Amino acid sequence: MKNGKATLHLPGEQFVVAVDGQPMSQHRRFVDALIAGLLLRNKLPQREVKVLQAEANAQAVDVIH
């Protein structure tokens, strides 16, 4: 008997680094997005830098910071 979880298709997570609400880069791992976000925050201290989780089939993103 097959495990139900093995046959379930789960979309991969995507993380977006946004500066002032504009997406700057997209990453597959949270750690990579966090590093990119911290580097941008250090480079642009007056800007609002956020790491967001993007859903595979939706344009909306959830704030993670």
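Bear in mind that the values in this text are calculations on the coordinates, not laboratory data. As the structure is a prediction and not an experimental result, all values here were calculated from the model. Every residue, glycine among them, receives a Cβ derived from its backbone with ideal geometry; neighbour counts consider all protein chains shown.
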Amide proton proximity set for residue 25, modelled H, under 5 Å, gap of 5+: 17
Likely footprinting exposure, 30, 15, fewest C-beta neighbours within 10 Å first: 30, 15
